[in-house]
1. Which is the longest stretch in the chain that no exposed loop site breaks, taking sites as GluC sites (Glu not before Pro) with a DSSP loop state and at most 12 other Cβ atoms within 10 Å?
2. What does the charge add up to near GLU43, with Lys and Arg as +1, Asp and Glu as -1, over the other residues with Cβ less than 12 Å from its Cβ?
3. Cα gyration tensor of segment 194-258, axes a ≥ b ≥ c as square roots of the eigenvalues: rounded (a/c below 1.5), prolate (a/b > b/c) or oblate?
4. Modelled label-to-label distance, GLU268 and ARG74, 7 Å Cα→beta-carbon offset: nm?
5. Taking the alpha-carbon centroid of each part, what is the distance from segment 75-120 to segment 289-315 in angstrom?
6. Roughly how many nanometres apart are two label points built 7 Å out from the Cα toward the Cβ at SER254 and ILE127?
7. Post the alpha-carbon centroid distance, segment 155-204 to segment 225-272, in whole angstrom.
8. Rounded to the nearest 500, what is the chain's calculated 222 nm mean residue ellipticity when only DSSP H runs of at least 4 contribute -39500 (n - 2.57) each, over all residues?
Amino acid sequence: MSTSHRDGVGKPAILVTAADLAPQALELLDAYDIVYAGKNPTEQDIVSLCRDHDPVAIIVRYSKVGAAAMDAARSLKVISKHGSGTDTIDKAAAAARGIQVVAAAGANAAAVAEQAMALLLACAKSIVGLNARMHAGYWDKATHKSAELAGKTLGLVGLGAIGRKMARMADSMDMRILGYDPYATDLPGYLSRADLATIWRESDAISLHCPLTEENRNLLNAQTLAQCKRGVYVVNTARGGLVDEMALLEAIRSGQVKAAGLDSFGVEPMAAGHPFRNEPGIILSPHIGGVTQEAYVNMGIAAAKNALAALHGQA
């Protein structure tokens, strides 16, 4: 376990489950002793640091925060996510202990939506494969035809800040857009609300933008993939648990799914020997959709502000 501190003798502690935080966020937290958990903290590392430093807040970037960490931090008031997804935090345990859980919703929306669109375009335009062929000395102009997204239907599952930005980009590309989100209101005119059955049946491309819950785990599975158009594109920049990975692999190999662009996985980092690594129909990125310099600052500031609001009784 690698830890470091910002000098804060006598100040209440805030634990950051990472090795760094944006300077703009640190300025907001000047009244607190910042304890860093290091680059790759384990869940047990977090428990030990909570026991040693008794933080009043935890800013979560990496690792899980469960009941054991909460019990070890007797003064803990708030757990603030450096991002929008709170599935790595045991929210039931936090609620039972009166600990607030807050997220930096929307702070990385532009970054993730851009990554999702980049993955979709890479799938439709065969960017990765053509690049490899060119580097190997081939010129496939006479034999290759890419797909055109204009006029095609994009199905979005989740219409929060990220899903809506993705919809806006797709609209500018003259795509038809269907969206499923039981909680979304005030949808723009170019985005048509649809149920999941319609999303599966009518979409030429499907992009996931919803949080992971026990109810939607393996949302894309053998059954739902079979309901999709043959040759559909699949993009996931949300959470790996939304996709049954072996079912997707089989659908890629059978041609039911033309190509997939994935930025999140059931187990991260991806295990050695994972079959996705040798599958040319799947484009991979290491869960970096929200990792831009701009999003790093935005998420840090939002996480810090959310923690302070809770600590000051304003949340």
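Quick note: the coordinates plus some simple rules give every number you see, no bench work behind them. Fair warning: this is a prediction, and the values are worked out from it, not measured in the lab. Note: ideal-geometry Cβ built from the backbone for every residue, glycine included; neighbour counts use all protein chains shown.
1. In the chain, the maximal stretch lacking such sites is 1-147.
2. -1
3. Taking the square roots of the gyration eigenvalues as a ≥ b ≥ c, segment 194-258 is oblate.
4. Computed distance between label sites GLU268 and ARG74 equals 3.5 nm.
5. Here the two parts' Cα centres lie 10 Å apart.
6. With each label point 7 Å from Cα toward Cβ, the separation is 2.9 nm.
7. 19
8. Dividing the helical sum by the residues of the chain leaves -10000 deg cm²/dmol.
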